[in-house]
Amino acid sequence: MTQARASTLWIMLLTLASMATSFALACTAPVAALAALAAVHMRRRDGIALALAAWGANQAVGFLFLHYPHDPKTQLWGLGLGTAAAGSAIGAYSALARLRLGSTPVRLAIAYVAAFVAGKLVTLCWAAVLGGVAITLHPGYSLDQFLRNGAILIGLYAFYHLLRALGMPAPRQQLAAA
């Protein structure tokens with residue numbers, strides 16, 4: 001299997017795992033967790049594609065199965081969360097590009113915090129326009145999101161290593177010079 005195909009397969013598998021969490025938790029995709037995992041193990045382009053695929057899959061689950069309302073504000077929020085998903089991935093990759101650390105757990109933690117903060121900032125921008133600043137900034141809600149995504153990250157990291165141990169090839173990685 002080529003590395004390009006392996007990367008595509010990883011994007012598909014992690015998107016399916018994200019869909020499972022959307023069904024199980026009836027909530028948004030764990031984009032910060034996915035962005036962190038991607039930033040450590042995948043090329044930037046593939047990581048952004050993963051974040052957007054997970055967002056799209058989550059929107060499909062929400063509108064088709066969880067009966068999200070079809071009003072314009074909800075649809076705009078969907079678009080906003082898509083930009084937040086991309087922002088999360090960009091934030092994770094940007095943080096790692098500036099820090100040259102060898103430890104994978106430390107890199108994963110830094111990428112996760114950066115992805116979470118970046119996604120939250122983009123969401124806050126949308127909340128300023130669409131309403132919802134109070135809930136976006138609510139400490140209890142934010143802590144719940146952070147902990148839930150962190151737990152999902154641990155599960156996805158274990159899933160990644162399980163599949164690697166079973167012989168699945170690694171996704172295509174960033175070049176050292178990038």
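The values are calculated or read from the model by the stated rules, or taken from the named source; none is laboratory data. The structure displayed is predicted, hence computed values, not measured ones. Every residue, glycine among them, receives a Cβ derived from its backbone with ideal geometry; neighbour counts consider all protein chains shown. Heavy atoms of the whole protein, side chains included, go into the accessibility calculation; ligands, DNA and RNA do not. Shrake-Rupley method; radii C 1.70, N 1.55, O 1.52, S 1.80 Å.
Across the range 1-90, Cα pairs under 8 Å and at least six residues apart give a relative contact order of 34 percent. Only protein atoms count toward the accessible area here, which uses a 1.4 Å probe; on the range 125-168, the carbon and sulfur part of that area reaches 75 percent. Once the Cα-Cα distance is subtracted from the 0.36 nm per residue extended length, the residue 161 to residue 173 segment shows a gain of 2.8 nm.
Across the chain, C-alpha contacts under 8 Å between residues 6 or more apart give a mean separation that, scaled by the residue count, equals a relative contact order of 32 percent.
Between residue 104 and residue 24, what length comes free when the chain is fully extended (0.36 nm per residue of separation minus the Cα-Cα distance, one decimal in nm)?
26.0 nm
With all protein chains present, calculate the accessible area of residue 129 using a 1.4 Å probe and round the result to the nearest 10 Å². Surface open to solvent at residue 129 totals about 120 Å². Using just its DSSP H runs of length 4 or more, each adding -39500 (n - 2.57), the chain gives a mean residue ellipticity at 222 nm of -27500 deg cm²/dmol after division by all residues. For the chain, hydrophobic long helices are taken as DSSP H runs at least 20 Å long by C-alpha position along their axis with mean Kyte-Doolittle hydropathy of 0.5 or more; these are 3-25, 44-64, 104-130. When each of the peptides 29-37, 3-11, 64-72 is scored by the mean number of other C-beta atoms lying within 10 Å of its residues, the order from highest to lowest reads 29-37, 3-11, 64-72.
The residues of the range 100-178 present an accessible area of 59 Å² per residue when probed at 1.4 Å with all protein chains retained. Values [x] 49; [y] 39; [z] 29 are given for comparison; percent of Cα pairs over 25 Å apart, derived from the coordinates here, is the one labelled [z].
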